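Read-outs: derived from the displayed coordinates by stated rules, not from any lab. Only a predicted model underlies this, so the values are computations on that prediction, with no experimental measurement involved. Cβ placement follows ideal geometry from the backbone for every residue including glycine, while neighbour counts extend to all protein chains displayed.
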Amino acid sequence: MVNVNHIPVGAHYGFGDWLLQRVTAMVMAVYTVIMGGTLLFCDVLSQDRWKSLLSGNCMRILTFLFILSLCFHAWVGVRDIWMDYVKSVGTRLTLHILTALMLIGCAGWASQILWRL
């Protein structure tokens, strides 16, 4: 008789992380299409043009969503790499903390640049 009540062990991230990566990928794809279309039909790319493009609240919000999506997308991917290939719990925890701090720092820095325009 086969045991059908097998309970998997582990962190149980599974579907939630899969869905988070797909949603963040869609946000980044939509932003890329919008930004690509905007730049395609722009005749001159100068610093003033970039500043005027990113100074509108709509584009700032879209860019901020892109930054957050990129950070969450990277977090899920890199965290899975650490969980799959780093066997030492202490080293894995250290890498998780360093990765999270780096992504938070990058998101904060990018947001500061974006909202300072």
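Remarks
- Shape of the range 66-117, Cα gyration tensor, a/c cut at 1.5: oblate
- Ranking of D43, D84 by neighbouring Cβ atoms within 10 Å, starting from the fewest: D43, D84.
- Neighbours of T94, meaning other residues whose beta-carbon lies under 14 angstrom from its beta-carbon, give a summed charge of +3 when Lys and Arg score +1 and Asp and Glu score -1.
- DSSP H segments from the chain that extend 20 Å or more along their own axis, Cα-based, with Kyte-Doolittle mean of 0.0 or above: 14-40, 57-85, 89-116
- Were the residues from T94 through W50 laid out at 0.36 nm apart, the gain over their Cα-Cα distance would be 12.0 nm.
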